[in-house]
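Notes follow the structure.
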Amino acid sequence: MSDPLAFFISFACYGARLQGDERGTVDRAHNVFDTPVLPPDPNLEAARRAAMKHPAYELAEDRPAVVLAGIASVADKRGCHIWAAHVRTQHVHAVVTAAGADIDRVLAGLKAAASFRLNRAYPADRGRPFWARHGSTRYVWNEVQLATVIDYVLNRQGEPMAVFRHPDPPRTV
């Protein structure tokens, strides 16, 4: 099997979207772009909330820009190509090409770089979790899928916040 064209990576802030959330959530069996998610489950969400050891984290003030700078920095250092990224108050989306890379390592690298920048910019936040445990990692296999996920990240998230748009989009965008 060949390498995917790109990765569509999403991760949420700690406590922002717990399993059972009314908007639906993703697990390993429900992790294909534009397909059904897990249905709401208020009891599961309440149990997950009760298990939290810290208050929920939100990217307020200039934190989205700080996170975006961290993502751009690690991508540049590792030779990744970012097609699009959008940092919101409760989650992050990124579309990244990283030839030969493991998708979970790319996710971990993005989260680590964002955390490093947040710790440096906001020392009072150190020692608390910024992110949910994992995230959503989806493969993008062709240019039609790539155009679709780029459009989703850039144009389907509500009012733009901290956004990166590659200046040379794929032909189909």
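The values are calculated or read from the model by the stated rules, or taken from the named source; none is laboratory data. Small disclaimer: the values here were computed from a predicted structure and weren't measured. Glycine gets a Cβ as well: all are built from the backbone with ideal geometry, and neighbour counts include every protein chain shown.
Just a few scattered comments:
- Test result for ARG133, touching a helix residue (DSSP H, G or I) at 6+ places or on another chain (Cβ under 7 Å), within 23 Å of ALA56 (Cα to Cα) and without any contact (Cβ under 8 Å) to a residue 40 or more places away in the chain: no
- Residue in the range 29-63 that is modelled with the highest pLDDT, counting only those that are of a type in the set (S, T, N, Q) and under 25 Å from PHE7 (Cβ atoms): THR35
- Taking each residue of the range 61-81 that is free of Cβ contacts under 8 Å to residues at least 40 places away in the same chain and closer than 17 Å to TRP131 by Cβ and looking for partners that are in a helix (DSSP H, G or I) and not polar (S, T, N, Q) with beta-carbon atoms closer than 6 Å, six or more apart or interchain, yields VAL74/GLY109; VAL74/ALA113.
- Among the residues listed as ALA113, ALA99, the single one being surrounded by fewer than 15 Cβ atoms within 10 Å (Cβ to Cβ), aliphatic (A, V, I, L, M) and within 23 Å of PRO4 (Cβ to Cβ): ALA99
- Check on GLY79, crowded, with 21+ Cβ neighbours inside 10 Å and either touching a strand residue (DSSP E or B) at 6+ places or on another chain (Cβ under 8 Å) or under 30 Å from SER2 (Cα atoms) (or both): no
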